[in-house]
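Below you'll find the structure, written out as structure tokens, and then a few comments.
The values are calculated or read from the model by the stated rules, or taken from the named source; none is laboratory data. This structure is a prediction, so every number in the text was calculated from the model and none was measured. Cβ placement follows ideal geometry from the backbone for every residue including glycine, while neighbour counts extend to all protein chains displayed.
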Amino acid sequence: MSENISVLGLGLMGSALAGALLSAGHRVTVWNRTPARAEPLAARGAAVAATPGEAVAASPLVIACLLDHASVREVLDGVELRGRVLANLTTGRPAEARESASWATARGADHVSGGIMAVPQMIAGPGALILYSGERAAFDRHEQALAALAEPRWVGADPGMAPLLDLAMLTGMYGQIAGGLAAAALVRSAKYPLTEFTEDLLVPWLNAMAAQQPGWAAAMEAGDHRTGVSNLEINRAGLRNLVTAFAEQGVRADLLLPLQAIVERRVARGLGHEGLSGLVLELEEGA
Ligand SMILES: NC(=O)c1ccc[n+]([C@@H]2O[C@H](COP(=O)([O-])OP(=O)(O)OC[C@H]3O[C@@H](n4cnc5c(N)ncnc54)[C@H](OP(=O)(O)O)[C@@H]3O)[C@@H](O)[C@H]2O)c1
């Protein structure tokens, strides 16, 4: 079913979102601070609003995809929001999303936070996921339209939950990047062909290792960190070995050192018999 939908913000991501909605047959109104960025979408049939207020007035569902939460509130300052659903797909911290939700609710709008787990080129394609949290009824009303952007996944009533899970997924990604960079430096130090190492060895092995993660989660939830895989003492020895090998190869182990530090700390507490899952407590208790 075709809906009236407005999109505020036509950067790389906002343009991809608006384009996907047009492709799905929705009636799309767009607004951008720099009007020229609306031209390609206007050529595809989007209505171009002269002001944010005009864009909001055009549709019950307003998607905002701007630089940050402050810019969303700045753009919508003084705009009549009553009765509108504000799907705020702007990246932010959980606290910022909660603040934006209170701000929107005080103005009579339903706020739904979104965390986009995709790059613009992935929008409307396989593998694209958007996490949503906040006003459930508002999400339900527009879920079908939102599905034109990416697989929509509801994660709870707390407006901060979608951004928190977004940040958690990015954290996992940066961990993978850190590991990949450290591995690349070590491999380059030995002049082994890096593409061969990455494609034939590293990536298949990381995929196989990822299958261990659900086991970790269950151990953390149960608070039972016994292991049948490898205990922290073995991992401490492994990390010491790694860090020494890095030095011997003339490369820096900087990206491994923070992990080594918490393993050392936990073993020093007398918990070397536990598995890696127990390390999560070092992070929670050490803040
Ligand atoms: N690109 C990605 O891969 C990706 C992935 C996931 C999430 N996101 C999120 O999507 C959001 C937009 O990212 P993007 O990649 O589209 O960034 P972008 O290409 O830099 O676009 C930024 C947009 O914000 C607008 N803007 C910036 N400051 C503003 C202000 N003070 N008032 C009004 N408008 C303002 C810009 O307007 P002008 O055109 O006038 O400058 C533009 O429309 C961000 O929150 C980003 O984290 C992006």
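For region 124-138, the candidate set comprises residues that are within 27 Å of LEU81 (Cα to Cα) and touching a residue at least 40 places away in the same chain (Cβ under 8 Å); within that set, the residue that is surrounded by the most Cβ atoms within 10 Å (Cβ to Cβ) is TYR132. Considering only residues in region 53-67 that are within 15 Å of ALA104 (Cα to Cα) and not hydrophobic (A, V, I, L, M, F, W, C), the one that is farthest from the ligand (Cβ to nearest atom) turns out to be PRO60. For region 139-154, the set of residues classified as surrounded by 17 or more Cβ atoms within 10 Å (Cβ to Cβ) and either over 25 Å from LEU22 (Cβ atoms) or small (Gly, Ala, Ser) (or both) consists of ALA145, ALA148, ALA150, listed by residue number.
Just a yes or no: is a residue in region 55-65 surrounded by fewer than 17 Cβ atoms within 10 Å (Cβ to Cβ), touching a residue at least 24 places away in the same chain (Cβ under 8 Å) and either of a type in the set (Lys, Arg) or within 18 Å of ILE123 (Cα to Cα) (or both)? Scanning region 55-65 turns up no residue that is surrounded by fewer than 17 Cβ atoms within 10 Å (Cβ to Cβ), touching a residue at least 24 places away in the same chain (Cβ under 8 Å) and either of a type in the set (Lys, Arg) or within 18 Å of ILE123 (Cα to Cα) (or both). Only a single item in (1) surrounded by 14 or more Cβ atoms within 10 Å (Cβ to Cβ); (2) part of a helix (DSSP H, G or I) is not met by SER102, and it is number (1).
Take the conditions (1) more than 12 Å from the ligand (Cβ to nearest atom); (2) over 26 Å from TRP154 (Cα atoms); (3) touching a Ser or Thr at 6+ places or on another chain (Cβ under 8 Å); ARG37 misses just one of them, which is (1). Pairing each residue of region 142-153 that is without any contact (Cβ under 8 Å) to a residue 40 or more places away in the chain with any residue that is assigned to a helix (DSSP H, G or I), provided the two are 6+ apart or on different chains, yields C-beta distances under 7 Å for PRO152/GLU143; PRO152/LEU146. When PRO52 is tested against the conditions (1) out of contact with any Phe, Trp or Tyr (no Cβ under 9 Å at 6 or more places or on another chain); (2) touching a residue at least 40 places away in the same chain (Cβ under 8 Å), the lone failure is (1). Evaluation of ALA222 against the conditions (1) hydrophobic (A, V, I, L, M, F, W, C); (2) surrounded by fewer than 11 Cβ atoms within 10 Å (Cβ to Cβ); (3) modelled with pLDDT of 95 or more; (4) within 19 Å of LEU255 (Cβ to Cβ) shows that the sole unmet condition is (4). Pairs meeting the criteria (first residue in region 28-41 and touching a residue at least 12 places away in the same chain (Cβ under 8 Å) and farther than 19 Å from LEU67 by Cβ, second residue away from the ligand (no atom under 12 Å from the Cβ) and part of a strand (DSSP E or B), beta carbons under 6 Å, at least 6 apart or on different chains) are VAL28/ILE5; THR29/SER6; THR29/ALA47.
A count restricted to region 110-131 and to residues that are closer than 16 Å to ASP158 by Cα, over 11 Å from the mean Cα position of the chain (by Cα) and either among the hydrophobic types (A, V, I, L, M, F, W, C) or within 16 Å of the ligand (Cβ to nearest atom) (or both) stands at 3. In a residue-by-residue description of region 177-191, the property of being β-branched (Val, Ile, Thr) and either closer than 24 Å to SER100 by Cβ or loosely packed, with under 13 Cβ neighbours inside 10 Å (or both) applies to at least one position.
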